[in-house]
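A.B. asks: Sharing a structure here in structure tokens format.
The values are calculated or read from the model by the stated rules, or taken from the named source; none is laboratory data. Quick caveat, the model's predicted, so the values are computed rather than measured. All Cβ positions, glycine included, derive from the backbone under ideal geometry; neighbour counts span all protein chains shown.
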Amino acid sequence: MHDTITDKRPLSAGDYQAFQSFLQEACGIVLGTGKEYLVSSRLGGLMRHYGIASVGDLLSQLEHGRNPNLKTGIIDAMTTNETFWFRDMAHFNLLQSRIIPELARSGQRIRIWSAACSSGQEPYNISMIVEEFQARNPGQLRGAVEIVATDISNRMLTEAKRGVYCGISASRGMAEEQRRRYFNLKGDCFEVRPEIKRRVSFRSANLTKGYELLGRFDVIFCRNVLIYFSRAQKQDILNRMARILNPRGYLLLGSTESLSAHTDQFEMVSEGGGIIYRLR
Ligand SMILES: C[S@@+](CC[C@H](N)C(=O)[O-])C[C@H]1O[C@@H](n2cnc3c(N)ncnc32)[C@H](O)[C@@H]1O
């Protein structure tokens with residue numbers, strides 16, 4: 001195992017605290033006490049790359065704005081990007097059996113936001129479900145379906161836009177038959193087919209800052225990201241999401257996340273083994 005630079009210059013309590021504040025301000029992520037090892041291991045490569053000897057020096061370089069890529073690099077390194085195909089399958093079943101049929105009846109354009117899309121599995125899965133719905137119910141979707149996928153991590157957005165998956169990231173959660181239907185072979189890897197990609201547009205957005213410019217949505221997927229934020233941040237994000245959802249719009253959270261303690265603007269719908277929320 002390689003030593004990180006921060007192993008050689010241990011992270012002082014003062015620098016750890018300053019880094020905690022920087023990270024929370026930059027992207028909302030709350031680092032609890034005793035996570036020094038995480039900072040050291042995740043930032044080691046970046047600091048080696050820029051020849052920075054300690055987290056204190058890193059913070060001082062950030063403060064003086066000498067390297068515009070530093071902040072992006074820290075966010076890329078500190079965010080947890082784990083995701084896989086059809087994560088929380090009950091949500092995708094409900095999208096197909098309840099949400100899309102209901103929205104299709106209006107005949108209007110449907111807008112769906114994947115608010116922390118990581119490497120793209122979530123928005124592409126939404127697009128696959130739409131594709132399947134269209135194939136099974138020809139003519140029912142009269143308006144276009146637009147999927148807006150955002151993340152704070154530039155590294156993840158670049159991967160997601162490319163839509164090429166190799167090894168475990170191509171297979172985790174994806175059945176062989178679905179992979180044949182929705183991907184083209186690209187060398188040893190698999191590329192999402194153009195008809196699935198064309199509905200999805202990727203953009204950078206920080207959930208703790210403004211995202212009202214994205215417009216209004218009928219459905220928001222905000223899954224497995226609120227867990228990293230403080231209670232106050234969660235509340236603020238959920239209230240702002242409620243403001244950009246269309247009347248009676250749907251909100252989907254990760255299966256371990258709950259809404260009840262944070263806002264009363266939504267009602268819970270429990271159906272088919274899944275829980276989703278609906279604007280009152
Ligand atoms: C664990 S992944 C969840 C991916 C996907 N939604 C899922 O459920 O599989 C969390 C994602 O949230 C992103 N993220 C973290 N903080 C964020 C913020 N302040 N604004 C937007 N995205 C953020 C990370 O970059 C990461 O890609």
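A.B. asks: So is residue 111 out of contact with any Asp or Glu (no Cβ under 6 Å at 6 or more places or on another chain), at pLDDT 95 or above, away from the ligand (no atom under 16 Å from the Cβ) and among the basic types (Lys, Arg) or not?
C.D. replies: no
A.B. asks: Name the helices (runs of 4 or more DSSP H) wholly inside region 119-198 in which the number of residues that are touching a residue at least 60 places away in the same chain (Cβ under 8 Å) and over 30 Å from residue 106 (Cα atoms) is 3 or more. Working first, answer last.
C.D. replies: Values: elements: 121-136, 154-162, 167-171, 176-182, 194-197.
The qualifying helices (runs of 4 or more DSSP H) are 154-162.
A.B. asks: Give me the pairs, please: first residue somewhere in region 80-103 and under 19 Å from residue 136 (Cβ atoms), second residue anywhere and within 12 Å of the ligand (Cβ to nearest atom) and aliphatic (A, V, I, L, M), beta-carbon distance under 6 Å, and either six or more positions apart or on two chains.
C.D. replies: Once the first residue is under 19 Å from residue 136 (Cβ atoms) and sits in region 80-103, its partners that are within 12 Å of the ligand (Cβ to nearest atom) and aliphatic (A, V, I, L, M) give 91/252.
A.B. asks: Now for a separate question. Filter region 245-268 down to the residues that are without any contact (Cβ under 8 Å) to a residue 60 or more places away in the chain and among the aliphatic types (A, V, I, L, M) and list them by number.
C.D. replies: Residues satisfying the conditions are 245, 251, 253, 259, 261, 268.
A.B. asks: Ok, one more. Would you point out the residue of region 220-235, among those that are more than 9 Å from the ligand (Cβ to nearest atom) and surrounded by 17 or more Cβ atoms within 10 Å (Cβ to Cβ), that is nearest to residue 274 (Cα to Cα)?
C.D. replies: Among them, the one singled out is 220.
A.B. asks: Which one of these is outside the structural domain of residue 158 (by TED's automatic domain parsing) and within 13 Å of the ligand (Cβ to nearest atom): 66, 42, 48?
C.D. replies: Answer to the check: 42.
A.B. asks: I would also like to ask the following. Considering every residue within region 64-80, establish whether at least one is under 30 Å from residue 166 (Cβ atoms) and not in a helix (DSSP H, G or I).
C.D. replies: Yes, region 64-80 contains at least one residue that is under 30 Å from residue 166 (Cβ atoms) and not in a helix (DSSP H, G or I).
A.B. asks: Working carefully through the options 112, 74, 99, find the one that is crowded, with 20+ Cβ neighbours inside 10 Å, out of contact with any Gly (no Cβ under 7 Å at 6 or more places or on another chain) and either among the polar types (S, T, N, Q) or not assigned by TED's automatic domain parsing to the domain that holds residue 200 (or both).
C.D. replies: After ruling out the rest, the residue left standing is 74.
A.B. asks: Just wondering, is there one or more residues in region 205-212 that are assigned to a loop (DSSP other than H, G, I, E, B) and hydrophobic (A, V, I, L, M, F, W, C)? First the steps, then the outcome.
C.D. replies: Filtering region 205-212 down to residues assigned to a loop (DSSP other than H, G, I, E, B) leaves 205-211.
If we keep only those that are hydrophobic (A, V, I, L, M, F, W, C) as well, we get 205, 207.
The answer is yes, given that some residue of region 205-212 is assigned to a loop (DSSP other than H, G, I, E, B) and hydrophobic (A, V, I, L, M, F, W, C).
A.B. asks: Any idea which of 249, 163 is surrounded by 14 or more Cβ atoms within 10 Å (Cβ to Cβ), more than 16 Å from the ligand (Cβ to nearest atom) and small (Gly, Ala, Ser)?
C.D. replies: 249
A.B. asks: In region 67-100, what count of residues is obtained for those that are over 25 Å from residue 183 (Cα atoms) and either of a type in the set (D, E, K, R) or in contact with a helix residue (DSSP H, G or I) (Cβ under 8 Å, 6 or more places away or on another chain) (or both)?
C.D. replies: Residues that pass the stated criteria total 13.
A.B. asks: Only residues that are farther than 24 Å from residue 86 by Cα, of a type in the set (D, E, K, R) and not in a helix (DSSP H, G or I): list them for region 218-260, please.
C.D. replies: Listed by number, the list holds a single entry, 248.
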